[in-house]
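This report concerns only the one structure given below.
The values are calculated or read from the model by the stated rules, or taken from the named source; none is laboratory data. Remember, it's a predicted structure, so these values are computed and weren't measured experimentally. Please note: Cβ atoms are built from the backbone with ideal geometry, for glycine as well, and neighbour counts cover all protein chains shown.
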Amino acid sequence: MIDYFLLQALTFCAIAAPFYILARFIFLRVKKTPINIKREILLFIFFEYIVVVISQTLLVYQHSVGRVQLVPFHTIMNYVNRKNFTQNVFINLVINVAIFVPLGTLLPLAWKKLRAFWKVFLSASAFIIIIEFLQYFVGRASDIDDYILNILGVIIGYILYKLYTWITKSN
């Protein structure tokens, strides 16, 4: 199952990469901006990360009907209270957190204006809410628990960013 999603994500990344590189090259030439290799690599990683998230949350076809679940912790508790707490249930919970850890780390690394926690939190919340909203229209579930798990991933990512900055400052 995970191999399938990774293959799909890599396919989307491979298709999107040349378009990003060309657009970024043209942008830098028109703006006559000097190229900072570290920043360009970071922005490329961020772009590819966004491609992965969008490909796995909006573009991958699911055999379901769009539904909305707005009761906090309802889905999570249904998963946890199952007598047959399967590996797929565990993977679903972990992936909903893990997929957004990079967002909490990459936003403040890529943009100095987004280094405050509240700015990362609001930016990530807006992105997650847009995804949840659009999922309804592509035949997927919009679930408040997805938001809760996703934002937990962002918070973990931000903590990792703060640890990284603390470690690199002390060296």
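Tabulated results
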| quantity | calculated |
| --- | --- |
| Helices (runs of 4 or more DSSP H) within segment 74-171 that include 3 or more residues at pLDDT 95 or above | 101-110, 117-137, 144-170 |
| Residues satisfying the stated conditions in segment 136-154, i.e. within 12 Å of the chain's Cα centre (by Cα) and of a type in the set (A, V, I, L, M, F, W, C) | Leu149, Ile151, Leu152, Val154 |
| Filtered residues of segment 69-123 (kept if of a type in the set (Phe, Trp, Tyr) and surrounded by 13 or more Cβ atoms within 10 Å (Cβ to Cβ)) | Tyr79, Phe100, Trp111, Phe117, Phe121 |
| Some residue of segment 66-80 being touching a strand residue (DSSP E or B) at 6+ places or on another chain (Cβ under 9 Å), over 30 Å from Ile15 (Cα atoms) and among the β-branched types (Val, Ile, Thr) | yes |
| Within segment 31-50, considering residues that are among the hydrophobic types (A, V, I, L, M, F, W, C) and free of Cβ contacts under 8 Å to residues at least 40 places away in the same chain, the one surrounded by the fewest Cβ atoms within 10 Å (Cβ to Cβ) | Ile37 |
| Residue satisfying condition, being modelled with pLDDT of 85 or more, out of contact with any Leu (no Cβ under 9 Å at 6 or more places or on another chain) and not assigned by TED's automatic domain parsing to the domain that holds Trp166, within set Ile45, Ile50, Ile2, Ile21 | Ile21 |
